Amino acid sequence: MLTIRKSNTSLLHIVLLSLILLCISCCRYSEFLMGSPHTTTPERQSISPPVAKIIPEADTLHGDVRIDNYYWLRDRANPEVIEYLEAENKYTEDIMKHTEKFQKQLYKELLGRIKETDLSVPEKIDDYYYYSRTEEGKQYRIFCRKKGELNAKEEILLDQNELAKGYDYFRIGAFEITLDHQLLAYSIDTTGSETYTLYIKDLNTGELLKDEIKDIDDYIAWTNDSKTIFYATQDATRRPYKVYRHTLGTTQKEDKIVYHEKDEAFYVYISKTKSKKYLLITSGSKTTTEIRYLNANSPKDSFKIIHPRQHKMKYYIDHHNDKFYILTNDNAKNFKLMEVSVHNPLKKNWKEVIPHRNSIKIDDFSVFKSHLVVYERENGLKKIRIMNLVNNEIHYVDFPEPVYSFRQGANPDFNSKILRFTYMSLVTPRSVFDYNMDTRSRELKKQYEVLGGYDPSLYQSERIFAQAQDGTMIPISLVYKKGMVKNGSNPLFLIAYGAYGASFDPYFSSNRLSLLNRGFIYAIAHIRGGGEMGEYWYEQGKYFNKMNTFTDFITCAEHLIAEKYTSSDKLVINGASAGGLLMGAVANLRTDLFKAVIADVPFVDVLNTMLDSSLPLTVLEYEEWGNPNEKEYYDYMKSYSPYDNVEAKEYSNMLITAGLNDTRVSYWEAAKWTAKLRALKIDNNLLLLKTNMGAGHGGASGRYDYLKDIAFEFVFIFDLLGIKK
């Protein structure tokens, strides 16, 4: 949010401009515990929602005088702010109190599908098998290894449950073992702020070394001497901007800066090639990258640059023998793959391996000793292309379903001919495969169990298309229980993201069965702004094309209703973060279309946030949304910013969530939006704000607490639709 710049506007003028809001809100200029005339069912009439007090603040930019009555809510040091958030939480609790039994029942239902004591598929690295496991009743994973063979004695590397004792929130960031397998460097975040403290554990003795590095990002890299570690620190806006070299046995104060990224639009992170031969410092913005490399055997040498940053050119590298492979969008919107000698990697020496193709985007690639794996995307579906580097043969991995997805495995062994990936679809549970890249055979290593008798043959998935106003066909992935009749009576849960070029691929969730088994259709709208259909798809949903994201979503909703999959009084929508921006925008544009809106950690105060360069991510985000200090962008953002476009009209039932320690989308975006909605909306529909007072952007960190949050949101929906069990 912007720092308030007082204009020449008089205080009287400010107050006059605020009178409209004051009148519409029934003169509720008061502390936040006043009653509200908006009630719902009779049992709720005695429950009064909080009302945030109004303190007009004026700002002028580009000649536009703006009043923000809820600016004060961003000051978390103000006790009244915490009181307001707690009052909102209490109101939400009171409104939902009659559903507590149902919430507990549903939580048990969700938990009942999960194998609480379970084991990941071990990964062999040198002479060790590394894996993680869970135990019934424990919130977090336990990291382990065995030496030599799988039936050897287990060695516990890290028990997160022990480390998390005494904390409401706990998350592991970095987890990196030295090349000699003797030391483990790991970092932890105990607030949700995504700022970490690094610890180093001697795996022979089980003791922690004295080395402790505070306030860092979650990317680290060991050098091959197992004595040197590189890490990045954050600036005041939580931007990773300095890379340090730390030598074991020294203090953090003695660490040497090896790179300082001074451009506020760029962040840095440190990584290591799969071959273990090079360390990489990647400096990147939303549109541009620049990479430096260092021989991992020579930690005190200087990093060398591959190619100096070139505006709107991205490139990423990995190493193979005497080559660097380079993925770049240089004159290649959907990316192309290049190669160059490690001895002279200047751009003029790059040679094409896979050319740019208009219909196929290259998402990523992975290098093995004898194989090159390229992850592509065509017609919205992910593909795996494999090139044999010995005989140059090329083939694609076959997948059995028309709508599916997969996740890349870690595949840490450079010398392996086995590619591990996790396959899934809307009906097929996560299935870990080892694929032999020479014989083209695959072995199912594990399909994660869905307890309680799940039968995938009872469910059906499909992909349909909705035609947008400009003729663009928008894909929609659907799953439902077989026997569904398209008569408009089905409840439907529609979800989307639509930003940053991120693809919302169809995935399996056992939690979703609680919707499907109650007659819901689950739908993913693959709207513009995402990357499902290539880079063009992304560009058509950013900057001055952002409105396409919102109208695409509305088009999908209208199509689902027109085709009688559902009706507006049975349609529930959900989005998180930038997907929460989507929820806020479509709620303003077409609130009549939805029964309920669930906006998780929503980015809704777009204009104010993007005007405040002191906030985390703001400057980095200029290349996604635009810079509102320029009038063209300011005017366009103002036209869709959910907070700025709240009006005195009816709104759908709404559940809004936030995290007090969220550094990606500040808690006050959700709080201000809720306060303004309460003041202006003229309906009796529910408006609930639920703030996690001990977490950040990702919500609860423990797996049981996470399921309780899911149960709460599902019961919110079920209660509105009259589903009692």
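The numbers here are math on the coordinates, done by the rules we state, and not lab data. The model shown is predicted, which means the values in this text are computed figures rather than measured ones. Glycine gets a Cβ as well: all are built from the backbone with ideal geometry, and neighbour counts include every protein chain shown.
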Report, to the nearest 10°, how far helix 703-720 tilts away from the longest principal axis of the Cα atoms in the chain, using its own Cα long axis and a range of 0 to 90°.
30
Output the pairs from K53/K649; K214/K312; K201/K336; K417/K708 with a Cα-Cα distance over 30 Å in this structure; if there are none, say none.
K214/K312; K201/K336; K417/K708
Among the aspartates and glutamates, which have Cα under 19 Å from the Cα of K482 when same-chain residues fewer than 8 positions away are ignored?
E401, D455, E462, E563
Students often check this: by mean Cβ neighbours within 10 Å, which of 590-601, 523-534, 475-486 ranks highest, and how do the rest follow?
523-534, 590-601, 475-486
Let's test this: bin the Cα-Cα distances of the range 65-117 at 10 Å from zero up to the farthest pair and state each bin's percent.
20, 25, 23, 21, 9, 2
Just want the answer: with Cβ charges of +1 for Lys and Arg and -1 for Asp and Glu, which residue in H307, V243, T233 is farthest toward the dipole's positive end in the range 187-342?
H307
Determine the calculated [θ] at 222 nm for the chain from helices alone, applying -39500 (n - 2.57) to every DSSP H run no shorter than 4 residues and normalising by the residue count; nearest 500 deg cm²/dmol.
-6000 deg cm²/dmol
In degrees, nearest 10, range 0 to 90: what is the angle between the Cα axis of helix 11-24 and the longest Cα principal axis of the chain?
80
Just want to confirm a number: the relative contact order over the range 454-720, from Cα pairs under 8 angstrom separated by 6+ residues, in percent.
14
If you keep only loop residues by DSSP, which trypsin sites (Lys or Arg not before Pro) in the range 208-273 have at most 12 other Cβ atoms within 10 Å of their Cβ?
K262
Size-normalised alpha-carbon gyration radius of the range 569-638, reference 2.2 N^0.38 Å:
1.24
Over the chain, what is the mean sequence separation of C-alpha contacts under 8 Å (at least six apart), divided by residue count, expressed as relative contact order in percent?
11
Where the convex hull is taken over the Cα atoms of the chain, what is its projected area averaged over directions, in nm²?
31.9
Indicate, rounded to the nearest 5 percent, the antiparallel portion of the DSSP beta bridges found entirely in the chain.
85
Is there a quick way to get the dipole size of the chain? I mean about its Cα centre, with the Cβ of Lys and Arg at +1 and of Asp and Glu at -1; what is the value in debye to the nearest 20?
1060
Exactly which chymotrypsin sites (Phe, Trp or Tyr not before Pro) in the range 111-211 are in a DSSP loop and have at most 15 other Cβ atoms within 10 Å?
Y167
By how many degrees, between 0 and 90 and to the nearest 10, does the Cα long axis of helix 100-111 differ from the longest principal axis of the chain?
20
For the cross-link pairs K333/K676; K138/K242; K104/K481; K97/K570; K242/K382; K546/K681, which exceed 31 Å when the distance is taken from alpha carbon to alpha carbon?
K333/K676; K138/K242; K242/K382
If I model the range 454-720 as equal point scatterers sitting on the Cα atoms and use the Debye formula, what is log10 I(q)/I(0) at q = 0.15 Å⁻¹?
-1.14
Can you quote the Å³ per residue value for the convex hull of the Cα atoms in the range 179-268, rounded to an integer?
99
Which of the GluC sites (Glu not before Pro) across the range 185-215 are loop residues per DSSP, with 14 or fewer other Cβ within 10 Å?
E207
Once you list every other residue whose beta carbon is under 13 Å from the beta carbon of V390, what net charge do they have if Lys and Arg are +1 and Asp and Glu are -1?
0
Normalising by the residue count of the range 360-511, find the relative contact order in percent from Cα pairs under 8 Å and 6+ residues apart.
16
